[in-house]
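Report on the following structure.
The values are calculated or read from the model by the stated rules, or taken from the named source; none is laboratory data. Every value quoted in this text rests on a predicted model; they were computed, and no experiment measured them. All Cβ positions, even for glycine, are placed from backbone atoms using ideal geometry, and neighbour counts span all protein chains on display. We work out accessible area using only protein heavy atoms, side chains counted, and drop any ligands, DNA or RNA first. Shrake-Rupley method; radii C 1.70, N 1.55, O 1.52, S 1.80 Å.
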Amino acid sequence: MNVPHSSLAADAGSITRVAGIEVGHFTDTRRPTGCTVVLVRDGAVAGVDVRGAAPGTRETDLLHPSNLVEQVHAVMLAGGSAWGLEAATGAVRWLEERDVGFDVAVGRLPIVPAAVLFDLLVGDMRIRPDAAAGYAACEAASTADPAEGNVGAGTGAALGKIFGIQRAMKGGIGTASVTVAGVTVGALIACNALGDVIDPDTAQVIAGARTDDGLHLRDTRRALLRGDAPQPLLAGTNTTIGVVATDATITKAQAHRLAIAAHDGLARSINPVHTQSDGDTLFSLGTGRAGHNPGMMVLATMAAEAVARATARAALAARALTTAEGLYLPGALDLRAGAVRAG
């Protein structure tokens, strides 16, 4: 398996290399689930683009360029499907306690959009992120490079589920960044995709659906094209969610375009992507700390690249998991090393 140096590099960067960005994880020890917060205490211009047909989101309408609120103060990514949206309430409380938010004359209202992924097939679905989990993620937030793999919103993620969860692999959360002409764009991606994760440089499959013996990658694209039938899927049981952030100076309309361009990175690193059974959602943030904008062509290219690398890293950082119910999900590096359970 050929993996790009950019995805495996010891220092691939991270979203916290963008000035003004902090990240915190909460990982639930009772079952594989959790949440991840991207904090911008000073506020950031924001946008969003939802491509999957089965999204779970909060506060996305206000990000439309024509709507009132200009800045957000955090973005919450969580497991737990729609129940996990409650994690954003904890972030709102944490920010309010610190007098961070939109001035509404009688106080400050923190604006915290959120998106969730479906990890209810991994462990006891009655355990999911709540407001306390979101608050704990904020408490843990810092400007350090965030942990990757089986943490935060990536804790219960699985990928390559198109031929059944029993032939899937462990997903996770990953991050990367690129810097051009003094401007940085970073991405943080929680990958719980229906499809395979692809090396964005070589187009080789990194992780995804496995063969019937469980020992090898099936290559979903080729399998579907030769006529292999996918298993019937419940809509919304997959999703890749994330945040792309930049320190460039951008408008709200430009933030929206940046979120759109960022999905090109998912298309380079997941196949199939944006399906009826995925709720793929990407937020964009602009802190303006760099003080200039190199142009949207450059920023869009950087955003797609950061997202593609972060998605690959989400798969590469994931580690094998066996739930109490007996579900086994190997990680990409387990398969590469031949340390995968048969059957």
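Brief remarks follow.
- Computed over neighbours whose Cβ is under 13 Å from that of Arg257, the net charge equals -1, Lys and Arg +1, Asp and Glu -1.
- Reducing the stretch 173-215 and the stretch 289-310 to their Cα centroids gives an inter-centroid distance of 17 Å.
- DSSP-assigned coil residues among trypsin sites (Lys or Arg not before Pro) in the stretch 24-90, each with at most 15 further Cβ atoms within 10 Å: Arg30
- Length released on extending from Ala82 to Leu68, taking residue separation times 0.36 nm less the Cα-Cα span: 2.5 nm
- Summed residue charge, Cβ within 14 Å of Val122's Cβ, Lys/Arg positive, Asp/Glu negative: +3
- Relative contact order %, the chain, counting alpha carbon pairs below 8 Å whose residues are six or more apart: 24 percent
- A Gaussian network model of the chain, with springs between Cα atoms under 10 Å, assigns the largest mean-square fluctuation among Ala317, Ala78, Ala91 to Ala317.
- Close amide H pairs (under 5 Å, H built 1.01 Å from N) link Ala44 with Val72, residues at least 5 positions away or on another chain.
- Accessible-area composition of the stretch 1-104, carbon plus sulfur, in percent [1.4 Å probe]: 48 percent
- For the stretch 284-294, Karplus couplings with θ = phi - 60° (6.51, -1.76, 1.60), whole Hz, Gly/Pro x: 10, 9, x, 8, x, 5, 6, x, 7, 10, x
- Label-to-label distance for Thr29 and Ala144 is 1.8 nm, based on points extended 7 Å past Cα in the beta-carbon direction.
- Förster radius 30 Å - calculated FRET efficiency between Gln231 and Ala324, Cβ distance, rounded to 0.05: 0.80
- Theoretical gain in end-to-end length, Gln276 to Ala181 [0.36 nm per residue, Cα-Cα removed]: 30.3 nm
- If the convex hull is drawn through the Cα atoms of the stretch 64-159, its volume per residue in Å³: 127 Å³
- Relative to the current alpha-carbon distance between Arg222 and Arg98, full extension at 0.36 nm per residue lengthens the span by 39.4 nm.
- Choice from Arg218, Arg167, Arg108 showing the highest fluctuation, given a GNM over the chain with Cα pairs closer than 10 Å: Arg108
- Relative compactness, the chain, computed as alpha-carbon Rg over 2.2 N^0.38 Å: 0.92
- Residue ranges 195-202, 143-150 sort as 195-202, 143-150 when ordered by packing (mean number of other C-beta atoms within 10 Å per residue, highest first).
- Theoretical FRET efficiency, 1/(1+(r/R0)^6), r = Cβ-Cβ of Met296 and Ala132, R0 51 Å, to 0.05: 0.80
- Annotation: per residue accessible area for the chain equals 37 Å², rounded to a whole number [probe 1.4 Å, protein chains only].
- Relative to the dominant Cα principal axis of the chain, helix 252-269 is inclined by about 10°.
- Calculated P(r) tail over 27 Å for the stretch 163-299, as whole % of Cα pairs: 29 percent
- GNM flexibility winner over the chain from Val100, Val298, Val45 (Cα, springs under 10 Å): Val298
- Normalised contact order of the stretch 160-243, rounded percent, pairs of Cα under 8 Å and 6 or more residues apart: 33 percent
- Working from Cα pairs under 8 Å separated by at least six residues, relative contact order for the stretch 1-111 is 21 percent.
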